[in-house]
Every structure is written in structure tokens, then in C-alpha cells.
1. Scan Glu113, Glu129, Glu198 and give me the residue that is of a type in the set (D, E, K, R), within 24 Å of Val60 (Cα to Cα) and buried (at least 18 other Cβ atoms within 10 Å of the Cβ).
2. Filter region 59-73 for residues that are closer than 30 Å to Pro201 by Cβ and open to solvent by 50 Å² or more (accessible area, probe 1.4 Å) and give the result.
3. I need a count of the residues in region 270-296 that are away from the ligand (no atom under 15 Å from the Cβ), touching a residue at least 12 places away in the same chain (Cβ under 8 Å) and either open to solvent by 50 Å² or more (accessible area, probe 1.4 Å) or touching a Pro at 6+ places or on another chain (Cβ under 9 Å) (or both).
4. In the same structural domain as Glu63 (by TED's automatic domain parsing), basic (Lys, Arg) and either within 15 Å of the ligand (Cβ to nearest atom) or not in a loop (DSSP other than H, G, I, E, B) (or both), is that true of Lys161?
5. Filtering region 87-110 down to residues that are among the aromatic types (Phe, Trp, Tyr) and more than 12 Å from the ligand (Cβ to nearest atom), which residue is most open to solvent (accessible area, probe 1.4 Å)?
6. Consider His187 carefully, then state whether it is on the phi > 0 side of the Ramachandran plot, out of contact with any Gly (no Cβ under 6 Å at 6 or more places or on another chain) and open to solvent by 30 Å² or more (accessible area, probe 1.4 Å).
7. Only one of these is in a helix (DSSP H, G or I), at pLDDT 90 or above and either over 24 Å from Thr61 (Cβ atoms) or of a type in the set (A, V, I, L, M, F, W, C) (or both): Ser193, Ser230. Name it.
Amino acid sequence: MSFTKVKGTYDVLPAESPKWQALENYIRNLYGLYQYKEIRTPMMEYSQVIHRESEDSDMVTKETYNFKDKSDRDLTLRPEGTAGVIRSYVENKIYATSNLSKFYYIGPNFRYERPQKGRFRQFMQFGIEALGSTDASVDAEVITLAYETISKLGLKNAVVKINSLGDQASKSNYREALKAYLAPLKHKLSPDSQLRLEKNPLRILDSKDPVDQELLLNAPMPLEHLTEESMKHYQMLVELLSSLHIPYELDKKLVRGLDYYSHTVFEIHATIDGFGAQNALGGGGRYHELVKEMGGPEIPGIGFAFGMERLLNALEAEGITLSQEQRLDAYLINFGNETKKEAFKSLYELRNSCIHAEMDFSNKNFKTQLKDAIKLNAKYVIIFGDDELKLGQVTVKNTETQEQSTIAIKELVAYMKGFLS
Ligand code: AMP
């Protein structure tokens, strides 16, 4: 019997984890700068949080991990971040303490999809939610932050694709117009789109089927059916984005996969070698019904999410390195017995003074320990020899210049601090 990881999952091995840590630190710093605060919600929720009546995207209806716990409760592993954040926002009545709440999150999500390059069953997302305002300046801040996330990393030609679906009235105007346009063409649509025509015609715009796409060439578009109010909101948003020189493009067919969006929807694209022309690294939109649907007051929100695996792949493809190798200031070489005990004590003291140090624990010979130190990129080796120890001394050697000096053990920490400061 062999033990393997679950299909569609992956291990982050120690050699890979520095870049994950670096990306997470980058997110925390950038989102902190924009005054977003971290929220951490559970990976599992009661199924009704995810499987809401209004939500019939494939992600929710076909791709979730659902199970019963031992008390026969229906639970679902979260497939995305927003639903859990809204559940927590309502349950903790956060709306009562602040009229604009700004959250960011980083964590794993689960979708039962066909695993392929950049597509996993457990994957990491980070994202934000801003709750409490319908103002277009909030949309502009959120989109700016999404754009900055990508462009500050150094990815080329980052661009924001935006569209507006408008308010409920705009959406229902448009739904009727699209249905009327597609009804005579129904028999030509893909089977999936035929099903959507009645229930959720907007999602037909998302279809990857080339015949569907051709039929849509002359179809009415959401932007043409915005109410005056919704149009004003959209115009204010693009004016604000222009004032910051955020490169955006109108994508008239953009609707995004989830059903809860209204007004602004957007995606962030970048040109990445080997990724194909159209690559969304992340996306999001405005939602006005979700808080109410979860039992809260009528409070609007807007958010986005990025997939971390895809982003790390993109950085790699572009030769962008996020992290330095893990730092090692000193490697302590010992010869067993007393020298090992003394090295062990010094290791603790060095670390207490924030000096990144390591030692050999397994009684290897001198040459092998030296090799290990070089392999680990240690800046210094500190040799705890029997003879020196009798004099209360050690040898400190710079691995690059080969310079070495003998110093008293009780001076070691101060001496090393002097070197490394
Ligand atoms: P979505 O929530 O579907 O809009 O996805 C937002 C981002 O999450 C996408 O742009 C991808 O980068 C990432 N993503 C979604 N599904 C997966 C998956 N199964 N595996 C890896 N990344 C994913």
C-alpha cells in the first residue's frame, strides 16, 4: 500500500515555502496600507451558507465538497471566500460598529474540479471585501488595489477589464432583452446555454462554446440596459480610475461566474509568457443582496479574489523572484561530547539575539559539517574545538573571505552581532 496526497492537492515543500511566505507578506503589507484588516473564517460552513437559493453557479451546485458530521449536520468546505466572510459579518453584527468595513483574507478553498495545470481541488486564494457603501469611489479603491496587487509585483501589461450589470432593475431589463434576442436562436445554442436561457440567461455570455459566442455577436449587452442611476455609478467609477491612470478596458460581455453580482464586475489580466492571451489572475464585483440573504440588513458590498497558485506560476514564468533564500548567519561545528554541549548552549544564546544559527546534531565528521554549512549558505562557521574550548575560546570563520579569528565564548554573541549589524 502506498500513501499519496489526495488527487488535486499538492504539498508545499520547504524549498517552495519562502515564496509563499513572501507573497503572503506582500499581501498583508499592501492591504494593510489600504486599511483592510484581516478576517479568518472557518474552512467549513453549514451547507446553507454556501448553497443559497439564489446561487446556482457550477462552482456551488457541482463542485463543492459536502458531507455530514457525526451529528448529521450538513457541512460544506468553502469553495470561495466571500460567503463565509459575509456570514461572519452578519453573525458578529460588525455592521453595527462601522459604516464601512474593509476585510482581507488569505486561505484555502475547495472545489471538486478536474485537476490540471493551475487548477486544484484545494487551492489558495486571497481577497478583500468592502462592506457598507454603494459609492463608486469604493469600487474605484477596490479595483485600484486589485490592479496594484499585480502591477507592483512587476507583472507586465496588467490591465483591468470592467463591466457593469447595474442594479436589480437594470439586470431584469437586460435579462428580458437577452431572452427575447436568443429565444428564436434557442435551438442553435449549446445544451448548457439552452438550460440557462430560462433560469439564468446572463451566464450565457460566459459560455466558452464558439457557436454560442457567434450567436452573441449582435446580442444586446448589459451596459445598454443600465438605469440612469446605474449608468451614473459606472461613469463615476471610470472617471475615478482614469484620474489615477489605472489602465482599464470595458469588456461588454463580462458577467463572471457567480450569480450574486450587480453593478461593477471586473477581472485583472496580465500578459504572461506561455499563459495564452487572455488570462484572468483574479476578479470580483459588487453584490447588494448577499448580506440580506444571510439574515443581515440591506448592506452593499464589493470584493475580489486572486488565486495564489496561478499568481506564483505567473511570477515564475516572468522570472520574478519574490523571496530571498532563508538566511543563515552562523553554523556551529562541534566534535561531540563537551564541544556539542557548549555549541548547543551558544546556539540558544545566538538565536536569543536574533542571529540565525544552526548546528550539527548528528555527530558528523568535521569535513561533512563544513560541507553542510556551505550547502546551507552559512555566512560564518563557528568551530567548537576541544583544545580551544579548554581555553574558553572558539574559532569564527567567514565562509566567503576565509578570514578567521579566535575569540572568547563569552564574547561570541556580541562579536557576531557586531559582524551582522
Ligand atoms: P473565482 O472565485 O472562480 O472567480 O476564482 C478567482 C481566482 O481563483 C481565479 O482567477 C484563479 O486564479 C483561482 N482559482 C479558481 N479556481 C481554482 C482552482 N480550482 N485551482 C486553482 N486556482 C483556482
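1. Step by step, each of Glu113, Glu129, Glu198 is checked, and only Glu129 is of a type in the set (D, E, K, R), within 24 Å of Val60 (Cα to Cα) and buried (at least 18 other Cβ atoms within 10 Å of the Cβ).
2. Of everything in region 59-73, those that are closer than 30 Å to Pro201 by Cβ and open to solvent by 50 Å² or more (accessible area, probe 1.4 Å) turn out to be Thr61, Lys62, Tyr65, Asn66.
3. Final tally of qualifying residues: 8.
4. yes
5. Checked region 87-110; the qualifying residue most open to solvent (accessible area, probe 1.4 Å) is Tyr95.
6. For His187, the condition - on the phi > 0 side of the Ramachandran plot, out of contact with any Gly (no Cβ under 6 Å at 6 or more places or on another chain) and open to solvent by 30 Å² or more (accessible area, probe 1.4 Å) - is not met.
7. From the options Ser193, Ser230, the qualifying one is Ser230.
Yes/no matrix, rows are residues, columns are (1) modelled with pLDDT of 95 or more; (2) hydroxyl-bearing (Ser, Thr, Tyr); (3) outside any loop (DSSP other than H, G, I, E, B):
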| position | (1), (2), (3) |
| --- | --- |
| Gly319 | no, no, no |
| Glu338 | no, no, yes |
| Phe344 | yes, no, yes |
| Asn363 | no, no, no |
| Ala378 | yes, no, no |
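The values are calculated or read from the model by the stated rules, or taken from the named source; none is laboratory data. As the structure is a computational prediction, the values presented were derived from the model and not from experiment. Note: ideal-geometry Cβ built from the backbone for every residue, glycine included; neighbour counts use all protein chains shown. Side chains are part of the model used for accessible areas, which takes the heavy atoms of the whole protein and leaves out ligands, DNA and RNA. Shrake-Rupley method; radii C 1.70, N 1.55, O 1.52, S 1.80 Å.
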